[in-house]
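Below is one structure, written out as structure tokens; the observations come after it.
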Amino acid sequence: MDRRPASKLLHLTFNQDARCFAVGTDGGFRIYTCEPFAESLRRDFDIPGGVGTVEPLFRFYCIPIVFGKDDPQYPPNRVSIWDDIQTEFTGEITLPSDVRGIRIRRNHLVVVLEHTVRVYSFPGLRRLNEIGTISNPNGLCAVSQGTDDSFVLVCPDLRKGQVRVDNFTDKKTSYVRAHDSAIACLALSIDGRWLATASTKGTLVRVFNTHTRVLLQELRRGVDQAEIYSLAFSPSAEWLAVSSDKGTVHVFSLKTANSEPEPEPVSYSLSSFIMKGVLPRYFSSEWSVDQFRLPQGRKYIVAFGEKKDTVVILGWDGSFYRCKFDPAASGEEMTQLEYHNFLDPEEEEPF
């Protein structure tokens, strides 16, 4: 019997608490639970372009979707709202340019275009705000997901290497000068208090307090330039996970639970290469406590698992890994607990 060909992957993302992940394919979309690993929802659409973006809201089945580019009836500048209870589309937004990303909260839908970020009420879809950004083709943006009403949004600013922080609850906008190079990846803690950033150099990850804009930590992924694919805070913001094109996932210990350092001027010029007048930045930056090695050259995203000291890694080749890290380790290898291929269940582990 011929095997059914695996679906082509167009989009891959975790939901807000990383208990599920969503997959957009050339045939539709799927949602999987991470623990236990299982497919929980599949919807197929007879649309040539497939589903280019899908962003579930926790496990609430009112799901924003952007279709691919092969069908003029469903263009990539339109966000369609799929209601899985009614099994039909119940709303849509047409944008002036192609959608680069979507972020969703219980009361807000954020749509990222290449030069703007638009904030809408959800599910009412009333436009509330519009933010200008530097060219942002990868749709970089993050929003807080706390249980209270606080709403923090971060995105690239108009200035290269700078992050704009909008606290909509306090009606306050501030800016974090994060890197000299362009921002390549960013993430927020659940409550929006902590911001992690990486630049196109990909050697360092910086962690800031979004309220004070103080640099809390500088974490070293490595010494060679790399493309950072994802950054993820643990729910308690005690740990930060980083994936890159070097075929590794790193877990770093954070100081967010401790008292913060006194604010210090942060400069990234050559004159500040000697930190505190003694050690080069290479030696003063902090290294990961654990790492997991993957096939190099493939794209992976990472999040923390439901069980203590675990991470879930998703690959664009369909791979699903669940691993355990040792908080007391220093640069050790994580223990692999589980492997699946969500695109092709019959495919063996790629090692």
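Worth pointing out:
- With distances taken between every two different alpha-carbon atoms, region 282-351 has a Kirkwood hydrodynamic radius of 13.2 Å.
- The chain: calculated mean residue ellipticity at 222 nm from DSSP helix runs of at least 4, using -39500 (n - 2.57): 0 deg cm²/dmol
- Of D71, D17, D148, the one that fluctuates the most in a GNM where the chain has Cα springs shorter than 10 Å: D148
- Sequence of D344, D290 once ranked by neighbouring C-beta atoms within 10 Å, starting from the fewest: D344, D290
- Mean separation of Cα pairs under 8 Å and 6 or more residues apart, divided by the residue count, gives the chain a relative contact order of 8 percent.
- Inter-part distance where region 292-336 and region 169-239 are each reduced to a Cα centre, Å: 20
- Positive contributions from Lys and Arg (+1) and negative ones from Asp and Glu (-1), summed over other residues with Cβ under 13 Å from the Cβ of G318, come out at -3.
- Hull volume in cubic angstrom per residue (convex hull over the Cα atoms of region 54-122): 83
- Once the chain from E35 to A328 is taken as fully extended at 0.36 nm per residue, the excess over their C-alpha distance is 103.0 nm.
- Diagonalising the gyration tensor over the Cα atoms of region 1-125 and scaling each eigenvalue by 5 before taking the square root yields semi-axes of 23, 18, 13 Å, largest first.
- Each residue of the chain gets 144 Å³ once the volume of the Cα convex hull is shared out per residue.
- Highest-MSF residue in the chain out of L128, L12, L240 [GNM, Cα springs under 10 Å]: L128
- Normalised by the number of residues in region 46-176, the mean separation of alpha-carbon contacts (under 8 Å, six or more apart) gives a relative contact order of 13 percent.
- Listed pairs K69/K201; K160/K308; K172/K201; K246/K308; K8/K307; K172/K308 exceeding 28 Å between Cα atoms: K69/K201; K160/K308; K172/K201; K8/K307; K172/K308
- Residues H179, H108, arranged from fewest to most other Cβ atoms within 10 angstrom of their Cβ, appear as H108, H179.
- When the chain is treated as a Gaussian network with alpha carbon springs shorter than 10 Å, the biggest mean-square fluctuation among F14, F151, F168 belongs to F168.
Since every read-out is calculated from the coordinates, none of them should be taken as a lab result. No experiment lies behind these values; they were computed from the predicted model shown. Cβ: placed from backbone, ideal geometry, glycine included. Neighbour counts: every protein chain shown.
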